[in-house]
Amino acid sequence: LPFPLADTMPGGQQPQKHYGITSAISLAPPRDIDHQYTKKLCDAMKPFGVFEDEEELNHRLAVLGKLNNFVKEWIAEISELKNLPPSAISCVGGKIFTFGSYRLGVHTKGADIDALCVAPRHVERSDFFQSFFEKLKQHEEIKDLRAVEDAFVPVIKFKFDGIEIDLLFARLALQSIPDNLDLRGDSILRNLDIRCIRSLNGCRVTDEILYLVPNKENFRLTLRAIKLWAKRRGIYSNMLGFLGGVSWAMLVARTCQLYPNAVAATLVHKFFLVFSKWEWPNPVLLKQPEDSNLNLPVWDPRVNPSDRYHLMPIITPAYPQQNSTYNVSTSTRTIMSEEFKYGLSVTDEILQGKAEWSKLFEPPNFFQKYKHYIVLTASASTEENHLEWIGLVESKIRVLVGNLERNEYITLAHVNPQSFPGSKENRNENDFVSMWFIGIIFKKVENAESVNIDLTYDIQSFTDTVYRQANNINMLKEGMKIEATHVKKKQLHQYLPPELVQKKKRVRCLFLCWVKSFVLSSDNSTFKEPYPPSSEFYTHGEGPNFVGVVYSVCFYSLLV
């Protein structure tokens with residue numbers, strides 16, 4: 001929470017407001033050049049569709065307005081069926097709240113909306129999944145309607161006039177739901193079941209984040225940039241052990257607290273500066289955790305031994321406080337730490353005028369990065385079964401990563417969050433196939449030739465887990481298969497299109513030309529034959545010509 005410092009500043013000046021759990025690192029105001037860099041940052045993001053136009057924004061508002069009226073109408077109908085007096089029905093209320101990227105003001109073109117239906121105490125959860133679901137079904141503007149009642153956070157998913165909506169439900173211990181209801185107060189959680197508390201958590205966390213940042217507009221623009229960067233660099237996925245939207249939002253919010261007067265260009269640079277040097281597993285906190293005496297489980301490593309093993313804790317600011325990065329593994333933390341350092345080096349270049357913002361959003365070449373990969377393939381015989389199957393498989397990929405990390409010969413297992421369609425050569429004609437790729441780094445061991453690394457157990461243990469889970473929830477159908485295969489980099493062309501696995505030829509040619517010119521300009525060597533160098537090129541006098549050897553190694557490695 002923002003609060004004034006207790007001490008007055010020298011000269012009797014009013015103190016700067018204090019945000020977060022520590023004082024700011026810098027209160028420096030933005031310079032003209034910072035505003036210019038921020039304008040360039042906005043321009044660099046526009047081609048990626050991160051900003052909606054006015055028409056699209058108004059369409060979302062209109063859809064949410066219709067949905068809000070729809071909810072009020074349904075709650076009034078339910079109230080009548082439950083024999084409430086007319087005077088109570090007229091003011092029973094009901095409301096739609098939004099959370100996630102839309103509520104934060106950082107949603108992209110075509111993004112879905114996370115929403116919450118809040119109802120008074122006489123409306124049951126079963127009413128929401130039965131009568132409200134049926135009411136939605138009758139509405140002509142609503143398509144692709146499906147309910148997921150047994151999920152950890154139960155949800156109804158649908159498209160309303162072209163906009164995808166995930167709608168949660170919470171029943172409060174109130175007689176009516178006024179339009180001005182504020183969900184931030186902890187007392188609202190009293191006497192609620194755990195599913196309602198979980199459903200409310202998204203809204204409460206989002207609202208608290210917005211309340212805890214010094215400047216909402218600077219926060220929003222910075223968060224848009226960081227989310228785009230994380231997606232482009234392949235580290236945006238809570239499910240796969242990277243960070244999800246709320247975690248990135250909290251890291252950006254903490255940066256804003258530490259530099260409260262900075263604009264977006266500066267904040268993006270400071271974000272990388274702060275988190276490239278952060279000493280994990282020290283937690284990121286936006287405010288001091290508070291105990292509301294509601295006896296709900298909260299993240300606290302002093303009380304909960306399991307919390308001490310979290311690798312990259314980022315703690316939600318609303319009660320009950322939770323670690324939003326529970327899925328982070330040693331590999332994903334290593335990968336993200338490397339990306340923070342790379343982001344710092346790129347933004348250093350940008351703010352020194354040596355590079356453009358577009359460089360920050362360049363994707364890495366994942367398929368050139370490792371010598372070994374695991375190809376994970378999920379297939380099904382119908383499109384409907386395939387969609388259901390890949391949802392389960394993807395949710396369990398971090399189990400495979402964990403198995404690989406525990407293998408004594410593996411240093412790192414890097415899963416690419418993007419899935420790819422199966423190639424025609426590697427599937428039956430009528431199957432629907434998705435593939436994921438995991439880059440592997442093996443430990444360097446002595447006598448490596450004699451070491452035979454067997455991944456069979458790690459892979460079998462994972463596939464058994466997936467099949468067992470599918471059986472337990474009655475999902476497994478004929479034709480649903482999962483396979484994991486170890487391949488070398490040179491075999492990737494069997495699974496992927498050439499443009500994804502080929503090296504960038506331009507870079508190779510430029511590098512070769514540079515080496516060649518370097519050799520030609522050296523006093524102690526004579527360039528005689530371009531392709532390949534002659535034996536005379538390797539020697540100079542009585543010993544080997546070092547420059548010639550460098551050229552040869554570079555030349556042949558580029559050809560391989």
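A Förster radius of 51 Å combined with the Cβ-Cβ distance from THR22 to TYR457 puts the calculated FRET efficiency at roughly 0.65.
Annotation: extensible slack from ASN58 through ARG302 equals 83.1 nm (criterion: 0.36 nm per residue apart, minus Cα-Cα distance). Using the Cβ-Cβ distance between LEU174 and LYS135 with R0 set to 25 Å, the FRET efficiency from 1/(1 + (r/R0)^6) comes to roughly 0.65.
Loop only per DSSP, at most 12 neighbouring Cβ atoms within 10 Å: give me the trypsin sites (Lys or Arg not before Pro) in the range 97-177, ordered by residue number. Listed in order of number, the matching sites are LYS109. Taking Lys and Arg as +1 and Asp and Glu as -1, the other residues whose beta-carbon sits under 13 Å from that of ALA147 total -1. Here the Karplus curve 6.51 cos²θ - 1.76 cosθ + 1.60, taken at θ = phi - 60°, turns the phi angles of the range 199-214 into couplings of 5, 6, 4, x, 5, 5, 5, 4, 5, 5, 4, 4, 5, 9, 9, x Hz, with x standing for Gly and Pro.
Rg over Rh for the range 366-502 works out to 0.98, using Cα positions for both radii and the Kirkwood form for Rh. Sparsely packed loop sites in the range 202-306 (the GluC sites (Glu not before Pro) outside DSSP H, G, I, E and B with at most 10 other Cβ atoms within 10 Å) comprise GLU279.
Projecting label points 7 angstrom from Cα along Cα→Cβ for TYR409 and LYS371 puts them 1.3 nm apart. Give the accessible area for SER345 in Å² (nearest 10); use a 1.4 Å probe, count only protein heavy atoms, and leave out ligands, DNA and RNA. It works out to around 50 Å².
For the set TRP278, TRP389, the ranking by accessible area, highest first and with no ligand, DNA or RNA atoms included, is TRP278, TRP389 under a 1.4 Å probe. Note on SER345 and LYS503: their simple-model spin labels are 1.8 nm apart, each label 7 Å out from Cα toward Cβ. Heavy-atom surface analysis with a 1.4 Å probe gives the range 53-177 a carbon and sulfur content of 49 percent of its accessible area.
Based on the Cβ-Cβ distance from CYS42 to GLU362, what FRET efficiency comes out when R0 is 25 Å, to the nearest 0.05? Before the final figure, lay out each step's value.
Details: r = 18 Å, r/R0 = 0.72.
So the FRET efficiency works out to roughly 0.90.
Subtracting the Cα-Cα distance of GLU290 and LYS443 from 0.36 nm times their residue separation leaves 50.7 nm of extension gain.
On a full-extension model of 0.36 nm per residue, what is the gain between ASN472 and SER337, subtracting their alpha-carbon distance, rounded to one decimal in nm?
Taking 0.36 nm per residue and subtracting the Cα distance, the gain is 44.9 nm.
Would you mind classifying the range 287-334 by shape? Square roots of the alpha carbon gyration tensor eigenvalues, ordered a ≥ b ≥ c; an a/c under 1.5 is rounded, otherwise it is prolate if a/b is larger than b/c and oblate if not. Prolate.
If you take the square roots of the eigenvalues of the alpha-carbon gyration tensor of the range 214-337 and sort them as a ≥ b ≥ c, do you get rounded (a/c under 1.5), prolate (a/b over b/c) or oblate?
oblate
Accessible area per residue for the range 366-502, computed on protein heavy atoms with a 1.4 Å probe, is 57 Å². Annotation: lysines with alpha-carbon distance below 19 angstrom to LYS135 (same-chain offsets under eight excluded): LYS66, LYS72, LYS82, LYS95, LYS143, LYS157, LYS159. Looking at the range 54-208, the DSSP beta bridges with both ends there are about 65 percent antiparallel. Among residues other than LYS109 with Cβ under 15 Å from its Cβ, the summed charge is -2 (Lys and Arg +1, Asp and Glu -1).
GluC sites (Glu not before Pro), restricted to the range 366-440: which are DSSP loop and have at most 13 other Cβ atoms within 10 Å? Here the GluC sites (Glu not before Pro) that fit, given the DSSP loop and packing criteria, are GLU408, GLU429. For the range 125-164, what does the alpha-carbon gyration tensor say about shape, rounded, prolate or oblate, given a ≥ b ≥ c as the root eigenvalues, a/c under 1.5 as rounded, and a/b over b/c as prolate? The shape class here is oblate.
Spatial offset of the range 47-84 relative to the range 338-374 amounts to 40 Å, using the alpha carbon center of each.
The values are calculated or read from the model by the stated rules, or taken from the named source; none is laboratory data. Computed from a predicted structure; not experimentally measured. Neighbour counts are summed over all protein chains in view; Cβ atoms, including those assigned to glycine, are modelled from backbone coordinates with ideal geometry. Just so you know, the surface numbers come from the protein's heavy atoms only, side chains and all, with ligands and any DNA or RNA stripped out. Shrake-Rupley method; radii C 1.70, N 1.55, O 1.52, S 1.80 Å.
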